[in-house]
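Quick note: the coordinates plus some simple rules give every number you see, no bench work behind them. Fair warning: this is a prediction, and the values are worked out from it, not measured in the lab. Heads up, the Cβs are rebuilt from the backbone with ideal geometry, glycines too, and the neighbour counts pull from every protein chain shown.
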Amino acid sequence: MRDFVEIGIGREARRTFDLDQISLVPTRRTRSSQDVDTTWHIDAYTFDLPFVSHPTDALATPEFVIEMGKQGGLGVINAEGLWGRHEDLDAALAEIREAAGDNSVIQRLHAAPLNDALLAERIAQVRDSGVTVGVRVSPQNAREVAPKVIEAGAEILFIQGTLISAEHVATGGEPLNLKEFIGSLEVPVIAGGVADYTTALHLMRTGAAGVIVGGGVNTNPETVGIDVPLATAIADAAAARRDYLDETGGRYVHILADGELRNSGDIAKVIGCGADAAVLGPLLAAAAEAGGKGWYWPATAGHPRFPRGFAQFDGAEEDLHLELLLHGPSSDPFGQSNLAGGLRRAMAKCGYTDLKTFQKVGLAVR
């Protein structure tokens, strides 16, 4: 039963919950973490870990994306970022770091023209390594950019913004109807972010293989007054998935949670709320392979007129590679490395051995 409160005469608001307001409740016998299976299957692709990197140049160098795949996750390339705009990608990233994250520098670098051949070359480098290639395009530019990145080798297409709907409408332009667009593509599409049941259900009906809940780490609360209560939003999207499963006679759509995930405990919580995978941003910024070398900024920081993200330094260690961040061993007692180990232990402590059944774990409101 949903809980509504009166915020004034004639105006009500729904009470919602974020991750820090809930906790997992062990109600079954415990298991050994060695018996836990974190395998994630989506469409024809299988990953050892339910971890996806947020599509930002702060993470995704070619080396990072390749290593993310080798370690069992999925690294996502931002097709509209720096990869196809600057021949010397390392120099562009270094300029952002040296400017201490000045947004005007990020915007200027993103204003360079997109070189389709350069972008295709870098996507091919990842494809040739043998890992699964995930590429993100914005809803505004999907019709133009998506066919190019698919031709270059993208195997999973992300149509991602901080908030999107099933139909993107622009005055003077042709609306992007995602149902028609996704139906015309030969690769699975993951679309989002969404914040409510209705939009999640609409995106599922477009034929998307996955729906992203949340918009990553951004300044939407400060800039447009929208703050996604991630625990509630995931649960709502999971309810939409159940209804869509009944509606279609068995078509399952995956839910990916993309919000302010600060530790392995938050990763466990999003799975417990109903997500199939977690989109990781700042948690991976400290990896030696990451482009920001400890600096992190979301893709929205490069918007030319209205950025909804900024660069911040989250720390870096020269010898902290993705393998250690994801698999350990770790000496960190706060769950910011050995992320897979933290998830496995959470599942084991609550008595679950696979991701799908872990979505039924007991939850408590703090």
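Counting Lys and Arg as +1 and Asp and Glu as -1 over every other residue whose Cβ lies under 12 Å from the Cβ of residue 215, the net charge comes to -2.
Within segment 175-217, list the residues whose amide N lies under 18 Å from a label point set 7 Å along Cα→Cβ of residue 12. Within reach of a label on residue 12: 197-198.
Segment residue 185..residue 30, full-extension length gain: 51.4 nm, with 0.36 nm per residue of separation and the alpha-carbon distance subtracted. Taking a sphere under 15 Å around the Cβ of residue 46 and counting the other residues whose Cβ falls inside, with K and R at +1 and D and E at -1, yields a net charge of -4.
For residue 213, the residues 5 or more places off, or on other chains, whose built amide H falls under 5 Å of its own are 194, 256, 257, 258. Among rounded, prolate and oblate, which fits segment 228-366 when a ≥ b ≥ c are the square roots of the eigenvalues of its C-alpha gyration tensor, a/c under 1.5 means rounded, and a/b larger than b/c means prolate? Cα axes put segment 228-366 in the oblate bin.
At an R0 of 30 angstrom, the distance between the Cβ atoms of residue 100 and residue 227 translates into a FRET efficiency of 0.65. Annotation for residue 252 and residue 349: the two label points, set 7 Å from Cα along the Cα-Cβ direction, are 2.7 nm apart. Amide hydrogen proximity for residue 136: with H placed 1.01 Å from N in the peptide plane, the residues at 5 or more positions away or on another chain lying under 5 Å are 77, 78, 79, 158. Label positions at residue 91 and residue 48, each projected 7 Å from the Cα along the C-beta direction, are separated by 3.7 nm.
Here the chain is scanned for GluC sites (Glu not before Pro) in DSSP loops (not H, G, I, E, B) that have at most 11 other Cβ atoms within 10 Å, and the longest stretch holding none of them is 187-317. Spin-label model, residue 262/residue 363: points 7 Å from Cα along the beta carbon direction are separated by 1.9 nm. Each other residue within a Cβ distance under 12 Å of residue 237 adds +1 if Lys or Arg and -1 if Asp or Glu, for a net charge of -3. A cut-off of 5 Å between modelled amide H atoms, ignoring neighbours fewer than 5 places along the same chain, links residue 22 with 366. Once log10 I(q)/I(0) by the Debye sum over Cα atoms at q = 0.07, 0.10, 0.13, 0.15 Å⁻¹ is worked out from the coordinates, which option in (1) -0.28, -0.59, -1.03, -1.40; (2) -0.32, -0.66, -1.10, -1.40; (3) -0.31, -0.62, -1.00, -1.25 does it equal? Here log10 I(q)/I(0) by the Debye sum over Cα atoms at q = 0.07, 0.10, 0.13, 0.15 Å⁻¹ agrees with entry (1).
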